[in-house]
Amino acid sequence: MNNKKSFYEKCYSILKKVPKGKITTYKEIANALGTKAYRTVGNAMNKNPYAPNVACHRVVNSNGNVGGFASGNKKKIEMLKKEGIKIKGKKIQNINKFLYRFN
DNA sequence: CGGTTGACCAAGT
DNA sequence: GACTTGGCCAACC
């Protein structure tokens, strides 16, 4: 096993901890890793080599915006709605309620 | 090693 | 509420 994970891979590991029906933000992930590289987290999601394995659509912006999605941000919204997330246009409703926090 | 690239964030206008 | 600016940081070339 290779324990030397890139920052990207750490992001995927964190993301895997998020249960279905919950979401997280790029900032929260970066914070969980003890860094401020919010942008680098987004970069990791954009590459997302573990596409079906990692639910990259459960990551949103801190301000409640859905953010982006490699295959079309509309798809992302639809998937989130299916998981029970309330979305208005491109904005998450009650984000505080769905936001999952890492301990 | 220096410059570019972002699915970001916060504050200002 | 929409747009701009500056700051942040790892990966990539």
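The values are calculated or read from the model by the stated rules, or taken from the named source; none is laboratory data. Not measured: the values here are computed from a predicted model. Cβ atoms come from the backbone with ideal geometry, glycine included; neighbour counts cover every protein chain shown.
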Among (1) more than 16 Å from DNA strand C (Cβ to nearest atom); (2) in contact (Cβ under 8 Å) with a residue 40 or more places away in the chain, which single condition is residue A:79 missing? (2)
Any residue in the stretch A:86-103 that is closer than 26 Å to residue A:34 by Cβ sitting within a Cβ distance under 8 Å of a residue that is of a type in the set (Phe, Trp, Tyr)? List the pairs, counting only those 6 or more apart or interchain. A:92/A:98
Tell me whether the stretch A:9-24 contains one or more residues that are near DNA strand B (Cβ under 6 Å from one of its atoms) and surrounded by 15 or more Cβ atoms within 10 Å (Cβ to Cβ). no
Could you tell me whether residue A:82 is among the basic types (Lys, Arg), modelled with pLDDT of 95 or more and either surrounded by fewer than 20 Cβ atoms within 10 Å (Cβ to Cβ) or out of contact with any helix residue (DSSP H, G or I) (no Cβ under 9 Å at 6 or more places or on another chain) (or both)? yes
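One line per residue, one yes/no per condition, for (1) in a helix (DSSP H, G or I); (2) not polar (S, T, N, Q):
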site: A:62; (1), (2): no, no
site: A:78; (1), (2): yes, yes
site: A:84; (1), (2): no, yes
site: A:103; (1), (2): no, no
Only residues that are among the hydrophobic types (A, V, I, L, M, F, W, C) and either more than 10 Å from DNA strand B (Cβ to nearest atom) or in contact with a strand residue (DSSP E or B) (Cβ under 9 Å, 6 or more places away or on another chain) (or both): list them for the stretch A:25-56, please. A:29, A:32, A:33, A:41, A:45
Report whether or not residue A:9 is on the phi < 0 side of the Ramachandran plot, touching a residue at least 60 places away in the same chain (Cβ under 8 Å) and not in a loop (DSSP other than H, G, I, E, B). no
